[in-house]
Amino acid sequence: MRIVKLLLLLTLTAGCESDTVAQSQQGFGSGEGLPRNEIYHVTGDLYRFRDVRHFGMFLVTSEGIIIVDPTSEQAATWLKGELDERFDVPVRWVIYSHSHYDHASGGELFADTAKFIGHENMRARLAGPAADAPLPPRDALWDADNDGAISEAEAQGTALAGNFARADQNGDGRLSTREIWARQHVGIRQVPPDIYYSDQATITLGGKTVELHYTGRNHSDDMTVIRFPDERVIYTVDFLTPKRPPRTTLYGGYMPDWLDSLRQVEQLDFDILSPGHELPGTKADVIEQRQYMEDLIERVSAGIDQGLSKDEIVETVLMEDYDHLIEYDISRAGNVAGTYEILMSTR
Ligand SMILES: [Zn+2]
């Protein structure tokens, strides 16, 4: 079974080099063999653009362009050149889906003509945690001696193990919450929003409308789902990738809030779902993702209630109904372990 899946993966990856749009928008693995930057037409005046494995969007109106996630300095530099060449209007808005630098960088290329908007929780996320901030719940599980920081020994076998000495800026042998945050942001520039919204916002420009929806905590606590009502398209960036399991362990995702967030997306009116990675999908993909998350939480919770250890739960919660999903093999154990840790940290 595993060999068949690997072969399928290789076939699809090789397909990236073919010239059909459907295949060329795939984005597996390291990004090797993928195009660096491309623009794909979605519908009407709405497009998505590629930065290797990342995708942002833009909507063209008679009075200007609305960009969602400029993504990186490199991609934004390239995109600005393309927009100047293809369209006769400036970029008037930059919408951020969330604060993570791999989607919310590169805005400086559009700062002279555009207003920037994002969810109000982005403000604190862009500033980073205070020096004495408590560890996030999941990282706190690694803090065996409960001193509010992660020592090198405690970091062994966790996401913090690599480059420990460099991340430990004050050289005290422990990583504080701020040092853990800073190790991801070396050399990164992010233009903050001019406007912060809380529950819902609407942008109108040149007779066209874009809606910003806050659906609660999921992959981050500052996530916006962007809806283009006339085009019947939504953009869900990292938090909902069609045909790929959610990565519940990334950035210490919020559960079970994530499930409620998926239920809210299911209620939105749209035909096409455009993600920040991989290919676009439909509402059927939202339903599948919601079912995956329900099953995952239910099965891991049942294991905890039975008194099983983390290893025992990882061995027995196989999520076999979802073995057709992209990266099922490599994400299954991590998702089960991550869900166990997150649920235990809130019990
Ligand atoms: Zn993210």
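The values are calculated or read from the model by the stated rules, or taken from the named source; none is laboratory data. Every value quoted in this text rests on a predicted model; they were computed, and no experiment measured them. Glycine also receives a Cβ, built like all others from the backbone with ideal geometry; neighbour counts cover every protein chain displayed. We work out accessible area using only protein heavy atoms, side chains counted, and drop any ligands, DNA or RNA first. Shrake-Rupley method; radii C 1.70, N 1.55, O 1.52, S 1.80 Å.
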Those residues of the range 236-254 that are more than 13 Å from the ligand (Cβ to nearest atom) and open to solvent by 10 Å² or more (accessible area, probe 1.4 Å) come to a total of 2
Output for Cβ contacts, cut-off 6 Å, separation at least six or different chains, first residue closer than 15 Å to Ser72 by Cβ in the range 39-54, second open to solvent by 40 Å² or more (accessible area, probe 1.4 Å) and acidic (Asp, Glu), reads Arg50/Glu38
Of the residues in the range 205-235 that are open to solvent by less than 10 Å² (accessible area, probe 1.4 Å) and in a loop (DSSP other than H, G, I, E, B), the one that is farthest from the ligand (Cβ to nearest atom) is Thr215
Subset of the range 94-115, residues open to solvent by less than 40 Å² (accessible area, probe 1.4 Å), away from the ligand (no atom under 16 Å from the Cβ) and either closer than 20 Å to Tyr214 by Cβ or among the basic types (Lys, Arg) (or both), comes to Val94
Glu266: passes all of (1) under 19 Å from the mean Cα position of the chain (by Cα); (2) modelled with pLDDT under 95; (3) more than 16 Å from the ligand (Cβ to nearest atom) but (2)
Of the conditions (1) more than 16 Å from the ligand (Cβ to nearest atom); (2) within 23 Å of the chain's Cα centre (by Cα); (3) crowded, with 16+ Cβ neighbours inside 10 Å, the single one that Leu126 does not satisfy is (1)
Output for Cβ contacts, cut-off 8 Å, separation at least six or different chains, first residue under 12 Å from Gly128 (Cα atoms) in the range 176-191, second acidic (Asp, Glu) and crowded, with 17+ Cβ neighbours inside 10 Å, reads Thr177/Asp139; Glu179/Asp168; Ile180/Asp139
Scanning the range 55-78 for residues that are open to solvent by 10 Å² or more (accessible area, probe 1.4 Å), over 16 Å from Val210 (Cα atoms) and free of Cβ contacts under 8 Å to residues at least 60 places away in the same chain gives Ser72, Gln74, Thr77, Trp78
